[in-house]
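Structure first, then comments.
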Amino acid sequence: PRPWRRLWQIPLFLAGMGLFAYGVRTLARTIKPVPFATHVADVQNMLAAGKYTEAVGRINVLADHFQERSQLATLEVLAGDALYLAQSKEAAPVRTNYEGIIKHYQRAVVLGFVPTSTMNERWGEAALALKDSGTAIEKFEAAAAVNPAVLQAHVRDLVAAYSGAGQIDKARAVVDRLLARPELPVDDRAW
C-alpha cells in the first residue's frame with residue numbers, strides 16, 4: 001500500500017477544522033452575558049430571603065468575573081450588607097462581623113462608592129459596637145443629614161457616641177434637635 005493515496009484527506013481535515021472553529025466562534029458571539037445589574041438583584045434577593053452564606057458565596061464568584069471599580073465597589077457594599085444582616089440575626093454581638101462590615105464599607109468608599117444613608121447608618125452601628133465613637137458620630141450624622149428619620153431611630157446611639165467621646169454639649173444638641181421635631185412620639189420625648 002502506498003501512503004500517498006490518502007494525502008487528499010489532509011486539506012479536507014484542515015478545512016473541516018476551520019469550519020468547526022468558525023461555527024464555535026459564531027455560536028459564542030450569539031450567547032449574551034447576564035448583565036451585572038441582574039446579578040446584583042439576585043444577591044439582594046438572597047439577602048432579603050435570609051440566605052446570607054449563599055449571598056456571600058455568590059458575591060465571591062461575581063468578584064472574579066466583574067473587575068471594574070464600580071462593580072467591585074457594589075460587591076463590597078453587598079458583602080458589608082450581608083454581614084450586617086447576618087449579625088442582626090445573631091443573639092449576641094460578634095466582633096468579627098462588625099469588623100467585616102466596616103472593612104467592606106471602607107473598601108467600597110476607596111473604590112469610589114458614595115455612601116447611602118442606609119450604608120452610613122449600618123456603618124455607624126458597627127462602629128458603635130466596636131466602641132469607635134468618632135466614626136459612629138460621623139456616620140450617624142451623615143445618615144441623618146440625608147434621612148432625618150435616622151436621627152430619631154438612633155438618637156440614643158448618637159447621644160451615647162457623643163457622650164463616649166466626651167462631647168456632652170453635642171449630645172445635648174442632638175437631644176434638642178430631636179425635641180424640636182413636632183412629630184416626635186411621646187416615648188422618645190419622655191426619654
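For this structure, a couple of remarks:
- Residue-normalised accessible area of the chain, given per residue in Å² at a 1.4 Å probe: 64
- The order of Met46, Met119 by accessible area, most exposed first and with a 1.4 Å probe, is Met46, Met119.
- Taking Lys and Arg as +1 and Asp and Glu as -1, the other residues whose beta-carbon sits under 14 Å from that of Ala49 total 0.
- A straight line joining the Cα centroids of segment 35-63 and segment 108-151 runs 23 Å.
- Taking a straight Cα-Cα cut-off under 19 Å and skipping sequence neighbours fewer than 8 places away in the same chain, the lysines within cross-link reach of Lys89 are Lys51.
- Structure remark: mean-square fluctuation, Gaussian network model of the chain, C-alpha springs under 10 Å; the largest value among Ala160, Ala49, Ala127 belongs to Ala49.
- When the Gaussian network model of the chain links Cα atoms closer than 10 Å, the mean-square fluctuations of Val77, Val61, Val174 top out at Val61.
- Compactness relative to 2.2 N^0.38 Å, alpha carbon Rg of segment 20-143: 1.28
- Sites listed here are trypsin sites (Lys or Arg not before Pro) in segment 88-133 whose DSSP assignment is loop and whose Cβ has at most 12 other Cβ atoms within 10 Å: Lys89, Lys131.
- With contacts taken as Cα pairs under 8 Å and at least 6 residues apart, the chain reaches a relative contact order of 12 percent.
The values are calculated or read from the model by the stated rules, or taken from the named source; none is laboratory data. Computed from a predicted model, the values in this text were never measured in an experiment. Note: ideal-geometry Cβ built from the backbone for every residue, glycine included; neighbour counts use all protein chains shown. Heads up: the accessible areas ignore ligands, DNA and RNA and are worked out on the full protein's heavy atoms, side chains in. Shrake-Rupley method; radii C 1.70, N 1.55, O 1.52, S 1.80 Å.
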